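Engineer: First the structure, then my questions, so here it is.
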Amino acid sequence: MKVCVIGAGAAGAVASIFLARGGASVVLVEKNEKIGKKLYITGKGRCNVTNDCEVQEFLSNVVRGEKYLRSAIYGFTPQDAMAFFEGLGVPLMVERGNRVFPLSEKSSDIIRALADEIARLGVDLKLNCEVKEIRKAKSGFEVLTPWEKIECDKVVVATGGISYASTGSTGDGYAFAKSFGHDIVEPKQALCPLLVAENVSSLQGISLKNVNLSAYDKEGNLITSEFGEMMFTARGITGPIVLTTSSYINRKDGIKLVVDLKPALDEKTLDARILRDFDGRKNQDLKNVTRALLPERLNLYVLKVAGLKESKKVNEVTKEERKRLVDTIKNLPFTCSGLAPFAEAVVTSGGVSLKDLKPTGESKLADGLYFVGETVDVDALTGGFNLQLAYATAVCCARDVLKTKE
Ligand SMILES: Cc1cc2nc3c(=O)[nH]c(=O)nc-3n(C[C@H](O)[C@H](O)[C@H](O)COP(=O)(O)OP(=O)(O)OC[C@H]3O[C@@H](n4cnc5c(N)ncnc54)[C@H](O)[C@@H]3O)c2cc1C
């Protein structure tokens with residue numbers, strides 16, 4: 001049986017290896033000059049290859065498609081992924097939060113191991129070769145590139161989403177899916193920085209640890225609340241808790257963001273702390289006292305939002321004004337005005353709709369046509385979960401294809 005796999009990212013490379021190991025004749029077509037261009041930049045070049053957690057925990061980190069991914073992930077768990085890479089000669093290590101990295105801390109080692117295995121198995125790898133169209137033939141399919149027509153029994157589309165398009169993920173899989181009648185769930189940026197309506201340019205570069213970011217919908221319902229690190233950009237916010245928040249709010253308008261700058265202190269304790277700081281400094285400017293609580297530029301920003309003059313003398317601050325200060329530090333408000341562009345989004349949410357896919361990734365509209373990895377409407381949080389879902393869907397598809405081996 002001949003299978004054409006389109007796209008040599010994480011999903012396409014792993015699908016090709018499992019198909020070839022199972023005896024299929026595999027053609028792997030990649031439009032870039034090398035495989036795994038996106039893999040190369042993962043985990044800041046260290047590649048957070050998976051997350052060494054139980055399946056249930058993996059599923060709780062899936063944002064879209066948790067039900068759909070269930071069978072795939074039980075069939076190829078994070079521990080299976082670790083055994084797979086170690087079997088390819090890449091020693092791994094587990095860090096904080098069960099994040100798994102190659103011991104060498106080099107994503108290039110992961111890519112090299114996949115490339116070596118692809119070569120060892122005799123997969124026909126066609127680089128610099130962009131698939132333009134997939135056609136249904138009398139029996140099987142025809143995959144059209146500018147140079148040739150590849151005839152095959154089955155096709156696996158592993159072309160990724162539309163994030164970081166410079167790596168080759170330009171959404172071609174959506175066009176292929178549409179040509180067979182599939183719906184595409186509107187792609188949205190996920191795991192991305194957020195833009196805010198307020199002018200935060202004076203805060204650019206300030207990094208905050210141990211803060212709490214909450215997001216509320218138009219009706220004031222809490223959508224998500226994340227504790228950890230964030231940073232200010234010229235037009236918004238970024239950092240781990242912001243990326244996570246973005247994945248939960250990317251399909252909603254009118255989101256209000258609230259930062260608790262001192263989550264460890266409740267209002268009463270914070271007020272007592274401020275009163276203590278005021279003690280003995282009655283004739284000083286307010287800003288010189290509150291700066292013990294917050295980074296310099298943020299201190300000035302907070303005073304402004306609280307409606308307090310920075311040069312006000314401490315002994316002139318009323319109880320009501322102190323309450324406003326406490327309130328602002330505990331609930332610094334921002335209006336989310338949008339998501340950073342796809343070029344800055346770690347993953348794409350949306351894609352080929354799950355409603356016309358079997359859990360194996362096979363199309364319900366065209367037998368023998370499969371969709372795997374990020375091109376499908378599934379996405380997860382940071383921590384190695386997105387790569388894991390790419391391999392799991394790839395392996396699940398490969399096993400299904402191999403079942404019908406003739
Ligand atoms: C900066 C960054 C860091 C990340 N870090 C991590 C991390 O540490 N851990 C983690 O789990 N996830 C991480 N991710 C997410 C993860 O990289 C992706 O979810 C994953 O790579 C998706 O794999 P894929 O194979 O589905 O798609 P891709 O990796 O996007 O691969 C698709 C491939 O298809 C090729 N292609 C597209 N169209 C065609 C065509 N018409 N013809 C031929 N070839 C085509 C592309 O060139 C590309 O090589 C990160 C993402 C980014 C952007």
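Engineer: Would you mind computing, in nm to one decimal, how far apart the modelled labels at Lys312 and Glu267 are, each placed 7 Å from Cα along Cα→Cβ?
Structural biologist: Output for this residue pair reads 1.7 nm.
Engineer: Rounded to the nearest 0.05, what FRET efficiency do Ser108 and Asn331 have when you use their Cβ-Cβ distance and R0 = 51 Å?
Structural biologist: It comes out at approximately 0.70.
Engineer: How much length is gained if the chain between Arg70 and Lys403 is pulled fully straight, taking 0.36 nm per residue apart and subtracting their Cα-Cα distance, in nm to one decimal? Show your work: numbers first, answer last.
Structural biologist: Numbers: separation 333, 0.36 × 333 = 119.88 nm, distance 1.97 nm.
My answer for the length gained is 117.9 nm.
Engineer: Would you please give the FRET efficiency between Lys282 and Arg324, computed as 1/(1 + (r/R0)^6) with r the Cβ-Cβ distance and R0 = 25 Å, to the nearest 0.05?
Structural biologist: On the way: r = 19 Å, r/R0 = 0.77.
Calculated transfer efficiency: 0.85.
Engineer: Continuing with the same structure: Quick check: residue separation of Glu186 and Ala292 times 0.36 nm, minus the Cα distance between them. What number comes out in nm?
Structural biologist: 33.5 nm
Engineer: Report the relative contact order of the chain, percent, no decimals, based on alpha-carbon pairs under 8 angstrom and at least 6 residues apart.
Structural biologist: After rounding, I find 24 percent.
Engineer: Something else now. Check Leu125: other-chain or 5+ apart residues with amide H under 5 Å from its amide H, H built from backbone geometry?
Structural biologist: Answer set, sorted by chain and number: Leu28.
Engineer: Within the stretch 257-294, what residues put their amide N at less than 19 Å from the label point 7 Å along the Cα-to-Cβ vector of Ser225?
Structural biologist: Once the point is set 7 Å along Cα→Cβ of Ser225, 257-271 turn out to lie under 19 Å by backbone N, inside the stretch 257-294.
Engineer: Still on this structure, I have one more. Can you give the extra length, in nm with one decimal, that the chain gains between Arg21 and Ala175 once fully stretched, where that is 0.36 nm per residue apart less the Cα-Cα distance?
Structural biologist: This chain segment gains 52.5 nm when fully extended.
Engineer: Quantify, in whole percent, the carbon and sulfur part of the accessible surface of the chain (1.4 Å probe; protein heavy atoms only).
Structural biologist: Numbers: 8630 of 17620 Å².
Here carbon and sulfur together make up 49 percent of the probe-accessible area.
Engineer: Give me the net charge for the shell around Asp52: Cβ to Cβ below 15 angstrom, other residues only, Lys and Arg +1, Asp and Glu -1. Let's see the in-between values first.
Structural biologist: On the way: positive: Arg96, Arg99; negative: Glu54, Glu57, Asp80, Glu86, Glu95.
Once positives and negatives cancel, what remains is -3.
Engineer: Indicate the gyration tensor shape class of the stretch 115-186 (rounded, prolate or oblate), computed on the Cα atoms with a ≥ b ≥ c the square roots of the eigenvalues: a/c under 1.5 is rounded; otherwise a/b larger than b/c is prolate and the rest oblate.
Structural biologist: Details: a/c = 1.88, a/b = 1.11, b/c = 1.69.
Since a/c reaches 1.5 but b/c is at least a/b, the shape of the stretch 115-186 is classed as oblate.
Engineer: Send over the Kirkwood Rh of the stretch 193-339, from the inverse of the averaged 1/r over different Cα pairs, rounded to one decimal Å.
Structural biologist: The answer is 15.8 Å.
Engineer: Under the rule a/c < 1.5 gives rounded, and otherwise a/b versus b/c splits prolate from oblate, where does the stretch 61-210 land using the Cα gyration tensor? Can you show the working numbers first?
Structural biologist: Values: a/c = 1.91, a/b = 1.28, b/c = 1.49.
Oblate, because a/c is 1.5 or more while a/b does not exceed b/c.
Engineer: Averaged per residue, what accessible area in Å² does the stretch 118-201 show with a 1.4 Å probe, protein chains only? Walk me through the numbers on the way to the answer.
Structural biologist: Working: 3880 Å² over 84 residues.
On a per-residue basis, 46 Å².
Engineer: Continuing with the same structure: Just in the stretch 328-400: which GluC sites (Glu not before Pro) are loop by DSSP and have at most 12 other Cβ atoms within 10 Å?
Structural biologist: none
Engineer: Arg46's amide H: which non-local residues (gap 5+, or another chain) put their own amide H closer than 5 Å, with H modeled 1.01 Å from N in plane and none for Pro or chain starts?
Structural biologist: Amide H neighbours of Arg46: Ser107.
Engineer: Okay, next question. Obtain the nm distance between the two label points defined at Ile41 and Asp80 by a simple spin-label model: each point lies 7 Å from its Cα along the Cα-to-C-beta direction.
Structural biologist: The modelled label-to-label distance comes out at 3.0 nm.
Engineer: I need the P(r) histogram for the chain: all alpha carbon pairs, bin width 10 Å from 0 out to the longest distance, whole percents.
Structural biologist: 5, 21, 27, 19, 13, 8, 5, 2, 0
Engineer: Let me ask something else. Give the value in nm², to one decimal: projected area of the alpha carbon convex hull of the stretch 1-133, averaged over all directions. Walk me through the intermediate numbers first.
Structural biologist: Details: hull surface 34.9 nm².
If you wrap the Cα atoms of the stretch 1-133 in a convex hull and average its projections, you get 8.7 nm².
Engineer: Using the membrane-span-like helix rule (whole DSSP H runs, Cα extent along the own axis of at least 24 Å, mean Kyte-Doolittle hydropathy at least 0.0), which helices of the chain qualify? Can you show the working numbers first?
Structural biologist: Working: long enough: 385-403 (27 Å, 0.73).
Correct list, ordered by number: 385-403.
Engineer: Restricting to DSSP loop positions (anything but H, G, I, E, B) with no more than 15 other Cβ atoms inside 10 Å of their own Cβ, which GluC sites (Glu not before Pro) remain in the stretch 200-299?
Structural biologist: Values: sites: Glu219, Glu226, Glu229, Glu267, Glu296; in loops: Glu219.
Within the stretch 200-299, the qualifying GluC sites (Glu not before Pro) (loop, at most 15 other Cβ atoms within 10 Å) are Glu219.
Engineer: Can you run phi through the Karplus equation (6.51, -1.76, 1.60; θ = phi - 60°) for the stretch 132-147 and list ³J(HN,Hα) in whole Hz, with x for Gly and Pro?
Structural biologist: Running phi through 6.51 cos²θ - 1.76 cosθ + 1.60 with θ = phi - 60° gives 9, 7, 10, 10, 7, 9, 3, 10, x, 9, 10, 10, 9, 10, x, 10 Hz.
Engineer: Per residue, how much accessible area does the stretch 31-106 show when a 1.4 Å probe rolls over the protein heavy atoms, in square angstrom?
Structural biologist: On the way: 3790 Å² over 76 residues.
Averaged over the residues of the stretch 31-106, the accessible area is 50 Å².
The values are calculated or read from the model by the stated rules, or taken from the named source; none is laboratory data. Predicted, not measured: the structure shown is a model, and the values here were computed from it. Reconstructed Cβ throughout: ideal geometry from the backbone, glycine too, with neighbour counts over all protein chains shown. Surface accessibility is based on the protein's heavy atoms, side chains included, excluding ligands, DNA and RNA. Shrake-Rupley method; radii C 1.70, N 1.55, O 1.52, S 1.80 Å.
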